[in-house]
Amino acid sequence: MTPEDIVARIRTALPDAQVEAAGADCSFEVLVVSSQLQGQSTLARQRSLLGLFAAELGSGELHALSVRARTPAELQAAKHPNLIDLGTLPPIVADATRT
């Protein structure tokens, strides 16, 4: 199995996913970013993605697959943990009577 095989299989299940895969032989790690993961727990995400490779994991063709699965918002928050979503703040109103 190659990183390209892993990416293709995940994109079949999650067409909107951005997928990065690294590794060789039978050990890989993947980062999956998809809006379709919204509302799923971390465990549910892991189970669904690992389930795509159940046959290979069972046969030993794929020995290890480490999965990090995020929504686009979670990935953005991880890149900028102190970033505030300005859309959630009330508007600033200028007071023309103050100088």
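Things worth noting here:
- From the list ALA96, ALA64, the lone residue that is at pLDDT 55 or above and either in contact with a Pro (Cβ under 6 Å, 6 or more places away or on another chain) or hydrophobic (A, V, I, L, M, F, W, C) (or both) is ALA64.
- Scanning the stretch 1-36 for residues that are assigned to a loop (DSSP other than H, G, I, E, B) and in contact with a Leu (Cβ under 9 Å, 6 or more places away or on another chain) turns up MET1, LEU14, ALA17, CYS26, SER34.
- Considered as a group, the residues in the stretch 29-49 that are closer than 15 Å to ALA17 by Cβ and of a type in the set (A, V, I, L, M) include one that is surrounded by the fewest Cβ atoms within 10 Å (Cβ to Cβ), and that residue is LEU31.
- Restricting the stretch 6-28 to residues that are over 13 Å from VAL67 (Cα atoms) and exposed (fewer than 14 other Cβ atoms within 10 Å of the Cβ), the residue that is nearest to the chain's Cα centre (by Cα) is ASP16.
- For the stretch 61-79, the set of residues classified as assigned to a loop (DSSP other than H, G, I, E, B) and under 8 Å from the mean Cα position of the chain (by Cα) consists of THR71 only.
- Criterion (small (Gly, Ala, Ser), more than 11 Å from MET1 (Cα to Cα) and part of a loop (DSSP other than H, G, I, E, B)) met by exactly one of GLY39, GLY58: GLY39
- Qualifying residue in the stretch 14-32 (condition: over 14 Å from PRO72 (Cβ atoms), touching a residue at least 24 places away in the same chain (Cβ under 8 Å) and in contact with a Gly (Cβ under 8 Å, 6 or more places away or on another chain)): yes
The values are calculated or read from the model by the stated rules, or taken from the named source; none is laboratory data. Quick caveat, the model's predicted, so the values are computed rather than measured. Note: ideal-geometry Cβ built from the backbone for every residue, glycine included; neighbour counts use all protein chains shown.
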